[in-house]
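Some notes on the structure that comes next.
The values are calculated or read from the model by the stated rules, or taken from the named source; none is laboratory data. All figures in this text were calculated on a predicted structure; none of them were measured in a lab. Positions of Cβ are generated from backbone atoms using ideal geometry, with glycine treated the same way; all protein chains shown enter the neighbour counts.
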Amino acid sequence: MASSLTQTQTQTQTIHSDPPQPDPEYDLLCSDQQQQQQQQQQLLLSSSDTSPFSLGSLTRCLAGESHIDRAWAHWLKLGRPKLIVAPMVDNSELPFRMLCRKYGAEAAYTPMLHSRIFTETEKYRDQEFTTCKEDRPLFVQFCANDPDILLEAAKRVEPFCDYVDINLGCPQRIAKRGNYGAFLMDNLPLVKSLVQKLALNLQVPVSCKIRLFPDLQVTINYAKMLEEAGCSLLAVHGRTRDEKDGKKIRADWNAIRAVKDALRIPVLANGNIRHIDDVQKCLEETGAEGVLSAESLLENPALFAGYRTGEWVVGSEGCDKVGKLDQTDLLVEYLKFCERYPVPWRMIRAHVHKMLGDWFRLHPHVREDLNAQSKLTFEFLYNMVDRLRELGTKMPLYTKDSHEDRVLANGLATGNV
């Protein structure tokens with residue numbers, strides 16, 4: 001694996017969150033642990049000073065000042081990135097990461113990789129994990145519930161990333177069936193062992209991405225456990241496992257702030273980042289080192305460069321103007337990245353629908369033509385963009401007066417907005 005990745009290091013490295021589903025084994029990481037999970041949850045709720053929060057001497061050593069100092073030294077070495085592409089199922093693959101980086105993203109996560117399949121299947125590794133030398137800083141995210149398998153997977157990618165991340169936040173049904181993601185919140189000793197295994201055996205730091213427990217103190221205890229186990233950076237999604245609809249349920253920035261205040265390692269905030277003004281507000285209210293954005297970036301990959309869609313202009317403070325960029329321009333740039341860094345067509349199709357959703361609502365016949373294509377080609381997609389432009393649709397992105405000229409003149413965004 002290392003040799004094949006070395007050969008393609010300047011070309012590619014793509015990723016998946018959810019494994020291919022035709023094989024039912026993909027959803028089953030280990031045997032049913034429901035009874036054990038219930039027992040461990042009772043331990044969590046009983047006390048933060050007893051198991052599963054009381055750690056062995058080796059872990060206490062990890063949690064000492066040397067671990068905290070190393071965590072901050074690494075973060076500083078990376079330039080303290082504030083604007084970060086969140087991990088997204090089938091959507092934070094290499095071409096999209098590179099597009100977001102062009103427009104201000106300072107770091108990015110891969111989609112979630114299934115650790116067992118990654119260790120067992122060469123085809124899965126080759127198709128689902130691609131990168132290039134410009135794709136840094138990079139978090140490679142895995143789901144897992146077996147420490148040894150997770151370590152084997154992590155060893156394969158550590159030469160090509162800046163953090164190996166453990167997904168402890170996926171709330172979807174497939175994560176429940178497979179016993180990973182946010183459903184490991186019911187088995188904290190296992191979570192602790194996953195973090196410890198990587199922290200003690202990798203050269204790169206371990207990061208984790210979590211969701212909130214309904215009880216804030218339990219969440220804080222959970223975060224402290226992760227820090228003590230060797231986690232060097234924690235990303236906190238400000239919603240609980242049951243709060244899946246981000247459009248209806250606001251993320252709790254106050255809870256993220258409480259976690260940040262309780263920890264000594266860097267903390268990232270996830271949730272409610274819809275445009276660049278939200279970035280500044282979130283950083284101020286949470287005290288986090290950086291923010292993650294997911295769904296909003298899918299619609300507007302230039303979000304971190306200060307561009308916003310029309311829905312966020314009405315009532316916004318400051319002087320917004322019609323920009324020289326719209327989503328068809330961004331889609332064309334994305335397609336060019338895809339030609340350079342090939343990815344499965346299902347990923348490309350998903351991005352086309354996300355970036356052009358508003359355009360398709362105005363011209364549903366164009367969307368129907370897209371959906372009728374069982375096999376896509378770049379020629380078809382470029383022609384589709386030309387059709388939309390010829391229809392005279394004007395749906396620009398908006399920006400502040402002073403920022404766009406600097407972005408376009410430099411050819412990329414600095415992120416300092």
ask   = Which one of the conditions (1) closer than 16 Å to Asn91 by Cβ; (2) free of Cβ contacts under 8 Å to residues at least 40 places away in the same chain does Tyr334 fail to meet, given that it meets all the rest?
value = (2)
message = Would you confirm, using the coordinates I've provided, whether Gln127 is surrounded by fewer than 23 Cβ atoms within 10 Å (Cβ to Cβ), within 20 Å of the chain's Cα centre (by Cα) and closer than 19 Å to Ala251 by Cβ?
response = no
request  = Among the candidates Ala153, Ala175, single out the residue that is more than 17 Å from the chain's Cα centre (by Cα), of a type in the set (Gly, Ala, Ser) and crowded, with 22+ Cβ neighbours inside 10 Å.
outcome  = Ala153
inquiry  = Quick check on this structure: which one of Asn179, Asn187, Asn167 is in contact with a Phe, Trp or Tyr (Cβ under 7 Å, 6 or more places away or on another chain) and closer than 24 Å to Arg239 by Cα?
reply    = Asn167
query = Can you find a residue in the range 148-170 that is at pLDDT 95 or above, among the hydroxyl-bearing types (Ser, Thr, Tyr), under 27 Å from Lys354 (Cα atoms) and in the same structural domain as His275 (by TED's automatic domain parsing)?
reply = no
query = Of the residues in the range 137-170, how many are farther than 15 Å from Val191 by Cα, out of contact with any helix residue (DSSP H, G or I) (no Cβ under 6 Å at 6 or more places or on another chain) and of a type in the set (Asp, Glu)?
reply = 2
inquiry  = Looking at Glu227, Glu284, can you tell me which residue is touching a residue at least 24 places away in the same chain (Cβ under 8 Å) and in the same structural domain as Arg80 (by TED's automatic domain parsing)?
reply    = Glu227
query = So is Thr119 under 15 Å from Val343 (Cα atoms) and in contact with a helix residue (DSSP H, G or I) (Cβ under 9 Å, 6 or more places away or on another chain) or not?
reply = no
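Residues are listed down the side, and each one gets a yes or a no for (1) of a type in the set (Lys, Arg); (2) modelled with pLDDT of 95 or more; (3) within 23 Å of Leu168 (Cβ to Cβ):
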| position | (1), (2), (3) |
| --- | --- |
| Leu45 | no, no, yes |
| Pro52 | no, no, yes |
| Glu65 | no, no, no |
| Ile68 | no, yes, yes |
| Ala71 | no, yes, yes |
| Leu83 | no, yes, yes |
| Pro87 | no, yes, yes |
request  = May I ask you to list the residues in the range 344-384 that are hydroxyl-bearing (Ser, Thr, Tyr) and over 16 Å from Val332 (Cβ atoms)?
outcome  = Ser374
Scan of the range 236-265 for residues that are part of a loop (DSSP other than H, G, I, E, B) and closer than 17 Å to Cys208 by Cβ, ordered by number = Arg241, Leu263, Arg264, Ile265
task = Considering each of Leu200, Leu216, Leu212, Leu194 in turn, give the residue that is within 15 Å of Ala71 (Cα to Cα) and touching a helix residue (DSSP H, G or I) at 6+ places or on another chain (Cβ under 8 Å).
result = Leu200
query = If you take the residues of the range 127-182 that are aliphatic (A, V, I, L, M) and part of a strand (DSSP E or B), which of them is nearest to Gly104 (Cα to Cα)?
reply = Leu138
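Condition check ((1) assigned to a helix (DSSP H, G or I); (2) modelled with pLDDT under 95) across all residues:
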site	(1), (2)
Leu268	no, no
Glu284	yes, no
Leu298	yes, no
Glu311	yes, yes
Val322	no, yes
Cys143, sole failed condition from (1) under 30 Å from Leu331 (Cβ atoms); (2) without any contact (Cβ under 8 Å) to a residue 12 or more places away in the chain = (2)
ask   = Counting only residues that are free of Cβ contacts under 8 Å to residues at least 60 places away in the same chain and of a type in the set (A, V, I, L, M), how many does the range 129-140 have?
value = 1
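For (1) part of a helix (DSSP H, G or I); (2) within 27 Å of the chain's Cα centre (by Cα); (3) modelled with pLDDT under 95, each residue gets a yes or a no:
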{"residue": "Ala350", "(1), (2), (3)": "yes, yes, no"}
{"residue": "Leu370", "(1), (2), (3)": "yes, no, no"}
{"residue": "Leu376", "(1), (2), (3)": "no, yes, no"}
{"residue": "Leu381", "(1), (2), (3)": "yes, yes, no"}
{"residue": "Met384", "(1), (2), (3)": "yes, no, no"}
{"residue": "Gly392", "(1), (2), (3)": "no, no, yes"}
{"residue": "His403", "(1), (2), (3)": "yes, yes, yes"}
{"residue": "Val407", "(1), (2), (3)": "yes, yes, yes"}
{"residue": "Leu412", "(1), (2), (3)": "no, yes, yes"}
message = Residues that are surrounded by fewer than 23 Cβ atoms within 10 Å (Cβ to Cβ), touching a Gly at 6+ places or on another chain (Cβ under 6 Å) and of a type outside the set (Asp, Glu): does the range 258-269 have at least one?
response = yes
query = Cβ-Cβ below 7 Å, separation at least six or inter-chain, first residue in the range 172-194 and touching a residue at least 24 places away in the same chain (Cβ under 8 Å), second of a type in the set (Asp, Glu): which pairs?
reply = Ile174/Asp18; Ile174/Asp27; Arg177/Asp27; Gly178/Asp27
